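Structure first, then comments.
The values are calculated or read from the model by the stated rules, or taken from the named source; none is laboratory data. Since the structure is predicted, the reported quantities are computational estimates derived from the model, not experimental observations. When we count neighbours, we look across all protein chains shown, and the Cβ atoms used for this are built from the backbone with ideal geometry, even at glycine.
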Amino acid sequence: MLPGLPPRTGWGFEEFARRHGDFAIAAAAATLTIENGRCVAARLALIGAGETVLRSPAAEAVLVGQAVTLDVIAAAAVAAQDAADPRADLQASADFRRHLVAVMSRRALTAAAHA
């Protein structure tokens, strides 16, 4: 059983796969706790950004203490992308995965902000 989310916490999950049901080429899971219009806690986990699933402390740091706007979310997605070190394989190049990290991060964080 997973612990419940704190009050005023939203979540988002986005993934990209070639076909429905395939393993994700890249994905992002996010939670944001917002009080008085400002982010007080952020978590962003990434799939396809490295050897294993990883958190993005750089993206989280961009968010905490800030008013949650589309510009701040976009900056956090760029921070996640900059910290990514994806590997190329038969499914996707490293550059494509890095691009997907930013896109999936932005979408997951936007969903979490509006949940």
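Structure notes:
- Residues that are of a type outside the set (G, A, S) and either farther than 15 Å from L32 by Cα or in contact (Cβ under 8 Å) with a residue 60 or more places away in the chain (or both), drawn from segment 98-108: R98, H99, L100, V101, V103, M104, R107
- Among the criteria (1) under 26 Å from R8 (Cβ atoms); (2) within 10 Å of the chain's Cα centre (by Cα), the one Q81 does not fulfil is (1).
- Among the criteria (1) within 15 Å of H114 (Cα to Cα); (2) crowded, with 23+ Cβ neighbours inside 10 Å; (3) touching a Phe, Trp or Tyr at 6+ places or on another chain (Cβ under 9 Å), the one T31 does not fulfil is (2).
- Test: A41 is aliphatic (A, V, I, L, M), at pLDDT 95 or above, out of contact with any Lys or Arg (no Cβ under 9 Å at 6 or more places or on another chain) and outside any helix (DSSP H, G or I): yes
- Filter result for P3 (in a loop (DSSP other than H, G, I, E, B), surrounded by 15 or more Cβ atoms within 10 Å (Cβ to Cβ) and out of contact with any Pro (no Cβ under 8 Å at 6 or more places or on another chain)): no
- In segment 74-97, the residues that are surrounded by fewer than 20 Cβ atoms within 10 Å (Cβ to Cβ), without any contact (Cβ under 8 Å) to a residue 40 or more places away in the chain and not hydrophobic (A, V, I, L, M, F, W, C): D82, D85, R87, D89, S93, D95
- Residue in segment 56-64 that is surrounded by fewer than 21 Cβ atoms within 10 Å (Cβ to Cβ) and in contact with an Asp or Glu (Cβ under 6 Å, 6 or more places away or on another chain) present: no
- Residues in segment 98-113 that are of a type in the set (K, R) and either surrounded by fewer than 19 Cβ atoms within 10 Å (Cβ to Cβ) or farther than 22 Å from T69 by Cβ (or both): R98 only.
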